[in-house]
Each structure stands twice: as C-alpha cells, then as structure tokens.
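Below is one structure; the comments refer to it alone.
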Amino acid sequence: MKHTDEEIERAAERYRLLTETLDPEVTQADDLSDLRAVATAAEATRHDEARLREAVETARAHGRSWNHIAAALGVSRQAARQRFRPAEMTQARS
C-alpha cells in the first residue's frame with residue numbers, strides 16, 4: 001500500500017505531537033512481553049518455513065521424488081506437492 005507524500009507528512013506530524021506530549025515519568029506502559037513472544041515465534045516460523053522450502057527445493061534439484069520428500073516431512077505425496085511445488089507449475093495446470 002503506497003502512501004502519498006502528504007499522508008506521510010501528516011502521519012509524521014501526528015507522531016511528533018504525540019511524542020512531545022508523552023511524559024515518561026507518568027505514562028503507564030502495558031507489559032507487552034506476551035506480544036513480543038508471539039512476534040518472536042512468528043519470525044522464527046517464517047525463517048524456518050524459508051529454510052524448509054529451500055531444503056525441499058534442494059532435494060528436488062538432486063532428483064528426490066515427491067514420495068521421498070513426503071516421507072521425510074511426514075505427509076502424503078499430494079500434500080508435499082501442493083505445498084512446495086513452484087507457483088508457476090501450479091498456475092500452468094489451472
């Protein structure tokens with residue numbers, strides 16, 4: 001989603017006004033450790049998903065069958081293909 005320069009300037013001004021009115025001595029802050037834990041876990045999941053996708057691509061490049069990859073993943077061959085088949089191959093079949 002792109003924003004215009006004017007929208008960005010207005011947002012920057014709102015942020016400036018907000019930061020000028022906050023007093024760290026009296027401002028109460030919520031404990032966000034639970035949300036930080038969610039964000040950390042989500043980032044780890046994205047990283048692990050990228051590593052898994054790369055490992056599957058490498059296995060395919062080395063000639064491994066979808067049956068072998070599915071067995072390593074603990075899923076059906078169809079599930080492995082649907083999840084990891086390159087998008088252009090999926091679109092070509094549509």
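Mind checking which pairs have a first residue in segment 27-54 that is free of Cβ contacts under 8 Å to residues at least 40 places away in the same chain and closer than 25 Å to PHE84 by Cα and a second that is of a type in the set (A, V, I, L, M, F, W, C) and part of a helix (DSSP H, G or I), Cβ under 9 Å, 6 or more apart or different chains?
Listed pairs, sorted by first residue: LEU52/LEU73; LEU52/PHE84; ARG53/PHE84.
Table: residues versus (1) acidic (Asp, Glu); (2) over 27 Å from the mean Cα position of the chain (by Cα).
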{"residue": "THR4", "(1), (2)": "no, no"}
{"residue": "GLU9", "(1), (2)": "yes, yes"}
{"residue": "LEU17", "(1), (2)": "no, yes"}
{"residue": "GLU25", "(1), (2)": "yes, yes"}
{"residue": "HIS47", "(1), (2)": "no, no"}
{"residue": "GLN78", "(1), (2)": "no, no"}
{"residue": "PRO86", "(1), (2)": "no, no"}
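How about the chain: which helices (runs of 4 or more DSSP H) wholly inside it have at least 1 residues that are modelled with pLDDT under 90, out of contact with any strand residue (DSSP E or B) (no Cβ under 8 Å at 6 or more places or on another chain) and exposed (fewer than 10 other Cβ atoms within 10 Å of the Cβ)?
Correct list: 5-21, 87-93.
So which pairs qualify, if the first residue must be in segment 4-25 and free of Cβ contacts under 8 Å to residues at least 40 places away in the same chain, the second must be surrounded by 10 or more Cβ atoms within 10 Å (Cβ to Cβ) and of a type in the set (Asp, Glu), the Cβ gap must be under 6 Å, and the two must be at least 6 apart or on different chains?
Between residues of segment 4-25 that are free of Cβ contacts under 8 Å to residues at least 40 places away in the same chain and residues that are surrounded by 10 or more Cβ atoms within 10 Å (Cβ to Cβ) and of a type in the set (Asp, Glu), there is no close pair.
The values are calculated or read from the model by the stated rules, or taken from the named source; none is laboratory data. Everything numeric here is computed off the predicted structure, so don't read it as measured data. Backbone-built Cβ (ideal geometry, glycine too); neighbour counts: all protein chains shown.
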